[in-house]
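Asker: Sharing a structure here in structure tokens format.
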Amino acid sequence: MPRTPSPPFRAIIRAMDHLRIRGLRLDLTPLPAAVAAALPGDRGAAERLLGATLPDAWPQADLLDVLPIQAAAEPEGERFGIWLMIERERNTVVGDIGFLGPPNRGRVEIGFSVIPDRRRRGYATEAAVALADWVVGEPDVHELVARSEVANEASARTLAGAGFIREDEHEGLVSWRRARACRGRA
């Protein structure tokens, strides 16, 4: 049964083994293992399996090493891996967001990326708020963390806008935390 979502997303939809978070402009969905297995080599098959357009700029280089891990994921494990940001108006992948693995003692880490020609539209913030609000409602998750490069002001704005609190800076990285009770402000 779907939970009552908080803004900015409208609905959490779970149909059989498929989970989808419907945002204001984006649909977020875990990257299916079969789609991850087709990438990056067979983009046509990946698009057919996904039912959405994959722009040439996606997946970005930093995601390529993670695709084999997602390809090996069991359906229940997909939700703590890569999620796609799909722009509903064009049915096109505009970026990805997700977790660096399942909860570890109640803690998960989030990361995100938007393709260059879709940046500065608020997509990362919309996705971060929606996914963060969803995951802190999961029973095994008590804390959500993130890291960003000190010089990456766009990521800092996204994380702050999604309700994360800046905690620490070490070796060029800023640590962020979002507690279970926090809700984003996108």
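The values are calculated or read from the model by the stated rules, or taken from the named source; none is laboratory data. As the structure is a computational prediction, the values presented were derived from the model and not from experiment. Please note: Cβ atoms are built from the backbone with ideal geometry, for glycine as well, and neighbour counts cover all protein chains shown.
Asker: Are any of the residues in the range 16-27 touching a residue at least 40 places away in the same chain (Cβ under 8 Å), buried (at least 21 other Cβ atoms within 10 Å of the Cβ), within 21 Å of residue 148 (Cβ to Cβ) and not hydrophobic (A, V, I, L, M, F, W, C)?
Answerer: The answer is no, given that none of the residues of the range 16-27 is touching a residue at least 40 places away in the same chain (Cβ under 8 Å), buried (at least 21 other Cβ atoms within 10 Å of the Cβ), within 21 Å of residue 148 (Cβ to Cβ) and not hydrophobic (A, V, I, L, M, F, W, C).
Asker: For the range 133-148, give me each residue that is surrounded by fewer than 19 Cβ atoms within 10 Å (Cβ to Cβ) and in contact (Cβ under 8 Å) with a residue 60 or more places away in the chain.
Answerer: Of everything in the range 133-148, just one residue is surrounded by fewer than 19 Cβ atoms within 10 Å (Cβ to Cβ) and in contact (Cβ under 8 Å) with a residue 60 or more places away in the chain, namely 137.
Asker: When the range 152-180 is examined, which residues are found to be among the aliphatic types (A, V, I, L, M), out of contact with any Asp or Glu (no Cβ under 8 Å at 6 or more places or on another chain) and surrounded by 13 or more Cβ atoms within 10 Å (Cβ to Cβ)? Working first, answer last.
Answerer: Filtering the range 152-180 down to residues among the aliphatic types (A, V, I, L, M) leaves 154, 156, 159-160, 162, 165, 173-174, 179.
Applying the additional criterion that residues be out of contact with any Asp or Glu (no Cβ under 8 Å at 6 or more places or on another chain) yields 154, 156, 159-160, 162, 165.
The answer is 154, 156, 159, 160, 162.
Asker: So which of 106, 101, 111, 77 is over 18 Å from residue 27 (Cβ atoms), surrounded by fewer than 21 Cβ atoms within 10 Å (Cβ to Cβ) and in contact with a helix residue (DSSP H, G or I) (Cβ under 7 Å, 6 or more places away or on another chain)?
Answerer: Numbers: 106 fails: in contact with a helix residue (DSSP H, G or I) (Cβ under 7 Å, 6 or more places away or on another chain); 111 fails: in contact with a helix residue (DSSP H, G or I) (Cβ under 7 Å, 6 or more places away or on another chain); 77 fails: in contact with a helix residue (DSSP H, G or I) (Cβ under 7 Å, 6 or more places away or on another chain).
One residue alone meets the criteria, 101.
Asker: All but one of (1) over 16 Å from the mean Cα position of the chain (by Cα); (2) of a type in the set (D, E, K, R); (3) farther than 12 Å from residue 36 by Cα hold for residue 96; which doesn't?
Answerer: Only one criterion in (1) over 16 Å from the mean Cα position of the chain (by Cα); (2) of a type in the set (D, E, K, R); (3) farther than 12 Å from residue 36 by Cα is unmet by residue 96, namely (1).
Asker: Scan (1) assigned to a strand (DSSP E or B); (2) surrounded by fewer than 17 Cβ atoms within 10 Å (Cβ to Cβ); (3) not aromatic (Phe, Trp, Tyr) for the single condition residue 57 breaks and write down its number.
Answerer: The one condition residue 57 does not meet is (1).
Asker: Would the range 24-35 turn up any residue that is at pLDDT below 95, over 22 Å from residue 128 (Cα atoms), of a type outside the set (Val, Ile, Thr) and part of a loop (DSSP other than H, G, I, E, B)?
Answerer: No, the conditions are met nowhere in the range 24-35.
Asker: Something else: Run down 19, 39, 63 and say which single residue is in contact with an Asp or Glu (Cβ under 7 Å, 6 or more places away or on another chain) and under 24 Å from residue 101 (Cβ atoms).
Answerer: Numbers: 19 fails: in contact with an Asp or Glu (Cβ under 7 Å, 6 or more places away or on another chain); 39 fails: in contact with an Asp or Glu (Cβ under 7 Å, 6 or more places away or on another chain).
Going through 19, 39, 63 in turn, the sole match is 63.
Asker: Mind listing just one residue for me: the one in the range 32-48 that is surrounded by 16 or more Cβ atoms within 10 Å (Cβ to Cβ), touching a helix residue (DSSP H, G or I) at 6+ places or on another chain (Cβ under 6 Å) and in contact (Cβ under 8 Å) with a residue 12 or more places away in the chain and, of those, farthest from residue 19 (Cα to Cα)?
Answerer: 39
Asker: When only residues in the range 80-98 that are touching an Asp or Glu at 6+ places or on another chain (Cβ under 7 Å) and under 14 Å from residue 128 (Cα atoms) count, which is surrounded by the most Cβ atoms within 10 Å (Cβ to Cβ)? Before the answer, list the steps.
Answerer: Filtering the range 80-98 for residues touching an Asp or Glu at 6+ places or on another chain (Cβ under 7 Å) gives 82-86, 88, 94.
If we keep only those that are under 14 Å from residue 128 (Cα atoms) too, we end up with 82-86, 94.
Numbers: 82: 23, 83: 27, 84: 25, 85: 30, 86: 23, 94: 24.
Residue satisfying both the conditions and the ranking: 85.
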